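So the structure is just underneath, and the comments pick up after that.
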Amino acid sequence: MEEEEKQPRPSIIVPLLLIAAGVLLLLNQVGKLPWGIWGTLWRFWPVILILLGLEILIGLSRSNLIYIIGVLIALAILGAVIAYAVYKGEQPAIAQPKVSTETISELMQDADSGQITLKFGAGRVTIGALPDSPNFVEGKLEYTRYSLQAERDFRVQNGRAEFSLSARSQPIPFWVPGDIAGEYWDLRFTPRIPLEMDIKTGVGKVNMDLSGLKVTRLSLDAGVGETVIIFPIAAGLTRANINAGVGAITVQIPKEVGARILVAKGLGSIRVKNTRFTHFGNEYTSTNYQTAENKLDLEIKGGVGTITIQ
């Protein structure tokens with residue numbers, strides 16, 4: 001009699017990862033866990049390689065006992081990582097002593113338009129408008145133990161100001177919460193001239209109050225964490241694209257602004273908390289879009305999390 005061909009073991013790692021991610025996202029959605037927990041979890045990505053290696057070893061064995069032990073080990077590893085992330089997320093923030101502070105001040109000169117490029121690592125970012133000032137940008141950058149001085153550049157050519165700022169943070173140890181060990185950027189830009197913005201965020205909290213700025217184009221690649229954007233009140237036409245990452249994004253549109261929003265939904269939810277928007281398919285249009293002097297054309301590509309439109 002021929003030996004019966006061995007059937008492959010069913011995969012255990014992928015289902016476990018999907019179940020764990022689903023449970024965490026559900027707790028995020030109902031407000032039981034902060035979205036910042038993903039900033040801790042992403043540092044444990046090598047655990048996925050360990051679990052996949054464990055699954056290969058289990059698959060090579062014919063013993064049911066070894067299979068059961070392997071499943072229990074995988075559950076223990078995954079549970080320990082999640083428990084640690086939850087524990088860190090519930091701890092009160094402890095202020096990390098600032099290692100250094102850098103100030104930014106650049107004159108607008110003869111610029112009549114501006115380009116802003118920001119690449120952020122981990123921590124917090126605040127963006128807003130300058131009061132009456134001859135400067136194109138003013139700001140303060142705060143660094144802690146695990147961050148390096150950011151690279152920046154500013155130039156004015158042919159009436160166009162170009163400002164760029166890129167983080168160079170060191171890898172943050174997994175036991176240090178990202179909101180403590182990261183950087184803090186507080187940037188203010190001129191409201192006098194039209195601006196274009198290209199922003200890429202990492203892990204942390206982002207607060208962009210563009211209400212007093214003349215932002216005509218915005219491209220935002222959101223990372224992991226919470227992002228709040230208040231769009232301009234009087235910029236004429238603003239064209240914006242948001243690529244959502246993992247976390248919560250809140251979009252606030254001034255009532256004076258007519259808006260048309262196209263949403264490509266990801267693994268999350270869309271919440272519209274403003275009755276002036278009508279909904280057709282994946283497009284939301286404000287009742288004053290055709291008549292408003294200032295307009296917003298916004299395209300959102302959903303990630304993992306919640307997108308709230310106000």
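How many residues does the stretch 226-248 contain that are closer than 19 Å to residue 203 by Cα and not in a strand (DSSP E or B)?
Summing the residues that are closer than 19 Å to residue 203 by Cα and not in a strand (DSSP E or B) in the stretch 226-248 gives 2.
If you take the residues of the stretch 275-303 that are outside any strand (DSSP E or B) and within 23 Å of the chain's Cα centre (by Cα), which of them is nearest to residue 231 (Cα to Cα)? Lay out the reasoning, then the answer.
The initial filter retains those residues of the stretch 275-303 that are outside any strand (DSSP E or B), namely 275-276, 281-282, 287-294, 302-303.
After this cut, where a residue has to be within 23 Å of the chain's Cα centre (by Cα) as well, the list is 282, 302-303.
Details: 282: 20, 302: 18, 303: 20 Å.
Among them, the one singled out is 302.
Here is a list of conditions, (1) assigned to a strand (DSSP E or B); (2) farther than 17 Å from residue 230 by Cα, and residue 306 meets all of them except one; can you say which number that is?
Of the numbered conditions (1) assigned to a strand (DSSP E or B); (2) farther than 17 Å from residue 230 by Cα, the odd one out for residue 306 is (2).
So which residues in the stretch 224-244 are at pLDDT below 85 and surrounded by fewer than 24 Cβ atoms within 10 Å (Cβ to Cβ), if there are any at all? Even if it seems obvious, please write down each step before you answer.
First pass over the stretch 224-244, keeping only residues at pLDDT below 85: 224-226, 244.
Within the stretch 224-244, 226 is the sole residue that qualifies.
I'm checking my understanding of the structure. Among residues of the stretch 194-223 that are among the basic types (Lys, Arg) and modelled with pLDDT under 95, which one is nearest to residue 166 (Cα to Cα)?
Of the residues in the stretch 194-223, the ones among the basic types (Lys, Arg) are 200, 205, 214, 217.
So of that shortlist, the ones also modelled with pLDDT under 95 come out as 200, 205.
Values: 200: 9, 205: 16 Å.
Out of the qualifying residues, it is 200.
Is it the case that residue 254 is of a type outside the set (D, E, K, R), in contact with a Gly (Cβ under 9 Å, 6 or more places away or on another chain) and at pLDDT 90 or above?
Numbers: of a type outside the set (D, E, K, R): yes; in contact with a Gly (Cβ under 9 Å, 6 or more places away or on another chain): no; at pLDDT 90 or above: yes.
Judged against the criteria, residue 254 is not a match.
Filter the stretch 245-261 for residues that are buried (at least 23 other Cβ atoms within 10 Å of the Cβ), among the β-branched types (Val, Ile, Thr) and touching an Asp or Glu at 6+ places or on another chain (Cβ under 9 Å) and give the result.
Selection gives 249, 261.
Hand me the list of strands (runs of 3 or more DSSP E) wholly inside the stretch 111-164 holding 2 or more residues that are over 25 Å from residue 230 (Cα atoms) and without any contact (Cβ under 8 Å) to a residue 40 or more places away in the chain. Write out each step before concluding.
Working: elements: 113-119, 122-129, 135-143, 151-157.
In the stretch 111-164, the matching strands (runs of 3 or more DSSP E) lie at 151-157.
All but one of (1) touching a strand residue (DSSP E or B) at 6+ places or on another chain (Cβ under 6 Å); (2) more than 21 Å from residue 185 (Cα to Cα) hold for residue 273, so report the exception by its number.
Here residue 273 clears every test but (1).
The values are calculated or read from the model by the stated rules, or taken from the named source; none is laboratory data. Predicted model, so just to flag it, every value in this text is computed and none were measured. All Cβ positions, glycine included, derive from the backbone under ideal geometry; neighbour counts span all protein chains shown.
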